[in-house]
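Participant: I have a structure here, written as structure tokens, and I will follow up with some questions on it.
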Amino acid sequence: MNSSEHILIVDDDKEIRDLLGRFLDKHGLRVTTASGGREMKKALADWNIDLVVLDLMMPGEDGLTLCRNLRSESNIPVIMLTAMGEETDRIIGLEMGADDYLAKPFNPRELLARIKAVLRRSAERPTRKSQSDDELKVTRYAFSGWALEVERRELFSPSGALVPLSGGEFELLMAFLSHPGRVLNRDQLLDLARGREAQPFDRSIDVQVSRLRRKIEDDPKNPSLIKTVRSGGYLFASEVNR
């Protein structure tokens, strides 16, 4: 990471905002805080935010609503803060497009590690939209009429429409495209998509597969690209050209 990376903390608890703000600032990150949706939107308009730490339970617009709205407009990474033991809320957060989640209470050092991990997974995303193809090497994967431009993290449908991907969806699709025709179990997918940050029994892979199917399958309930292999895992059934 570098000192220019800017983190937005959105939490209605001022004590948590101040604590995390001081801690992350001490570790070389720029930090802006917001108490809710209105301040969050203003911060996103005023600053070039690299990652949002977003509390789930807030008065007014809750974290799920804010995450869904943000994801419809941007691919800025999101780490969701949830109550301890609320697995359903964490799964819903991932379905809304969060890149990772952390249960309260937590050690600030763990949040810092999660921030570093998510930013590292997003590091290939170009920061300058004005970069030309000559300045930016473009690696393309083509499958069933679809095309993924890796360095730009841009997925194009057979009709040429740009289909936005969250960080987790991109990493999962890359894992499939790198291993077409091979059955990958959940542990392998976690390792390929999240590396050392993977957690045992992490159900996020199933959620991300479901989200990815809704974006690339003609019929997500009867998938032809990402097939479920009973007692095995998942298999990417399309031919992949690079």
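The values are calculated or read from the model by the stated rules, or taken from the named source; none is laboratory data. In this text, all values refer to a predicted model and were calculated from it rather than measured experimentally. Reconstructed Cβ throughout: ideal geometry from the backbone, glycine too, with neighbour counts over all protein chains shown. Surface areas here come from the heavy atoms of the whole protein model, side chains and all, with no ligands, DNA or RNA. Shrake-Rupley method; radii C 1.70, N 1.55, O 1.52, S 1.80 Å.
Participant: Whether any residue in region 73-85 is within 27 Å of residue 172 (Cβ to Cβ), open to solvent by 10 Å² or more (accessible area, probe 1.4 Å), assigned to a strand (DSSP E or B) and without any contact (Cβ under 8 Å) to a residue 60 or more places away in the chain is what I want to check.
Facilitator: Checked region 73-85: at least one residue is within 27 Å of residue 172 (Cβ to Cβ), open to solvent by 10 Å² or more (accessible area, probe 1.4 Å), assigned to a strand (DSSP E or B) and without any contact (Cβ under 8 Å) to a residue 60 or more places away in the chain.
Participant: Next question, about the same structure. Looking at region 45-71, which of the residues that are over 16 Å from residue 114 (Cβ atoms) and of a type in the set (Gly, Ala, Ser) is nearest to the chain's Cα centre (by Cα)? It would help to see each step written out before you state the result.
Facilitator: Filtering region 45-71 down to residues over 16 Å from residue 114 (Cβ atoms) leaves 45-49, 57-62, 64-66, 68-71.
Subset that is of a type in the set (Gly, Ala, Ser): 45, 60.
Working: 45: 21, 60: 24 Å.
Ranking the candidates gives 45 first.
Participant: Which of the residues that make up region 1-44 are part of a loop (DSSP other than H, G, I, E, B), farther than 19 Å from residue 59 by Cα, more than 21 Å from the chain's Cα centre (by Cα) and free of Cβ contacts under 8 Å to residues at least 60 places away in the same chain?
Facilitator: Result: 3, 28.
Participant: Limited to region 145-170, what total is found for residues that are without any contact (Cβ under 8 Å) to a residue 12 or more places away in the chain and in contact with an Asp or Glu (Cβ under 9 Å, 6 or more places away or on another chain)?
Facilitator: Looking only at that region, the number is 3.
One line per residue, one yes/no per condition, for (1) open to solvent by less than 60 Å² (accessible area, probe 1.4 Å); (2) in contact with a His (Cβ under 8 Å, 6 or more places away or on another chain); (3) modelled with pLDDT under 90:
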{"residue": "11", "(1), (2), (3)": "yes, no, no"}
{"residue": "14", "(1), (2), (3)": "no, no, no"}
{"residue": "34", "(1), (2), (3)": "yes, no, no"}
{"residue": "63", "(1), (2), (3)": "yes, no, yes"}
{"residue": "115", "(1), (2), (3)": "yes, no, no"}
